[in-house]
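A short write-up of the structure that comes next.
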Amino acid sequence: MNNPATQARWMQRPVIMGIVNVTPDSFSDGGRYLDTEAALLHGRELFAQGASIVDVGGESTRPGAHMVTEDEELRRVLPVVEGLAECGTVSIDTRKARVARLAVQAGATIVNDVSASLGEVAAELGVGWVAMHAQGDPETMQRAPKYIDVVDEVYRFLEDRLVEAERLGLRELYLDPGIGFGKTAEHNLMLLGNLSRFVGLGAPILIGVSRKSFLANLGRLGPIAKPSEREEQTLAANIWAIAQGARVVRVHEVAPLAEYLGLIEAMETARSTECPI
């Protein structure tokens, strides 16, 4: 049986996925890119800064967020997906099958699925699938997350998604442990600290830690209230994740991570080049 992980793109170096939230209520930048033109401009900037994928979402999945209607989500995302698909690879961040189908028709080639329920849809459409672990739904997930062994439980869940992807014949699969989706700060750190175990599944691991609340209390200077001020913590967490084997990192700010990856690549190239006499 073919493992879809071996068929996925970008297996050899980390890939940056930039975020375009076409929403009024996302936790970090809600409302900034609700206007179609603002969203298109931002997405193009992310590509220019070094994003290989731009992830377009029209429904917030922050803790406590309410689901929006299909029609409203489609109104928000379709013109943005269509416009950005001319610039590069676009993923659609959705939990809804109809939204996924119409976004793919508009040009998206990856379904970023926080519900991990759209594998059959992705297979039907012949596109990539990001399957993420979450405990509960966004409206309730952070009320009282509980696990006996968070690492083992998330691992088993993602392993099942890998088996599902193989059964469906998916050729492009990414697994996301779901940092912040039904997890406490301790759970998130446990998952990041044991990330190499998930890498061992064989499918590319996608990590989304950007500006999340668990980062706010980790800095030595004390709590950071504003999500937009957590970029240093975000970069540190992403560097850790990449070092453990994460292949895709989903971020609000592309430029700092692109600079880091460029420097690492330059140093790796220099190390492998014979020094002239």
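In summary, the lysines within cross-link reach of LYS96, defined as a Cα separation below 26 angstrom excluding same-chain residues under 8 places away, comprise LYS183, LYS212. Considering only ALA243, ALA116, ALA39, the mean-square fluctuation computed in a Gaussian network model of the chain, springs between alpha carbons under 10 angstrom, is largest for ALA243.
Between amide H atoms placed 1.01 Å from N, distances below 5 Å from ARG62 occur with PHE27, all of them 5 or more places distant or on a separate chain.
May I ask you to derive the FRET efficiency for ASP149 and GLU70 from their Cβ-Cβ distance with R0 = 22 Å, giving the value to the nearest 0.05? Before the final figure, lay out each step's value.
Numbers: r = 37 Å, r/R0 = 1.67.
Taking R0 as 22 Å, the efficiency between ASP149 and GLU70 is 0.05.
Using a probe radius of 1.4 angstrom, the carbon and sulfur fraction of the accessible surface of the chain is 52%.
Using all pairs of distinct alpha-carbon atoms, the Kirkwood hydrodynamic radius of region 71-139 works out to 12.0 angstrom. Identify which of VAL251, VAL130, VAL150 has the largest mean-square fluctuation in a Gaussian network model of the chain, with springs joining Cα atoms closer than 10 Å. Top of the fluctuation ranking is VAL150.
Each residue of region 97-230 gets 122 Å³ once the volume of the Cα convex hull is shared out per residue.
Look at where the Cα atoms of region 121-149 and of region 49-82 average out, and the two centres are 16 Å apart.
Accessible area of TRP240 (1.4 Å probe, protein heavy atoms only, ligands and nucleic acids ignored): about 110 Å².
Would you mind giving the average projected area, over all directions, of the Cα convex hull of the chain in nm² with one decimal? Walk me through the numbers on the way to the answer.
On the way: hull surface 63.4 nm².
Across all orientations, the chain yields a mean hull projection of 15.8 nm².
For the chain, the per residue solvent-accessible surface stands at 46 Å², with DNA, RNA and ligands left out and a 1.4 Å probe. Quick check on the chain: helices-only [θ] at 222 nm, where DSSP H runs of length 4 and up contribute -39,500 (n - 2.57) each and the sum goes over total residues. Nearest 500, please. That comes out to -13000 deg cm²/dmol.
The values are calculated or read from the model by the stated rules, or taken from the named source; none is laboratory data. Just so we're clear, the structure is a prediction, and the values are computed from it rather than from any experiment. Counting neighbours? That spans all protein chains shown, and the Cβs are built from the backbone with ideal geometry, glycine included. These accessible areas exclude ligands, DNA and RNA; they are computed on the full protein's heavy atoms, side chains included. Shrake-Rupley method; radii C 1.70, N 1.55, O 1.52, S 1.80 Å.
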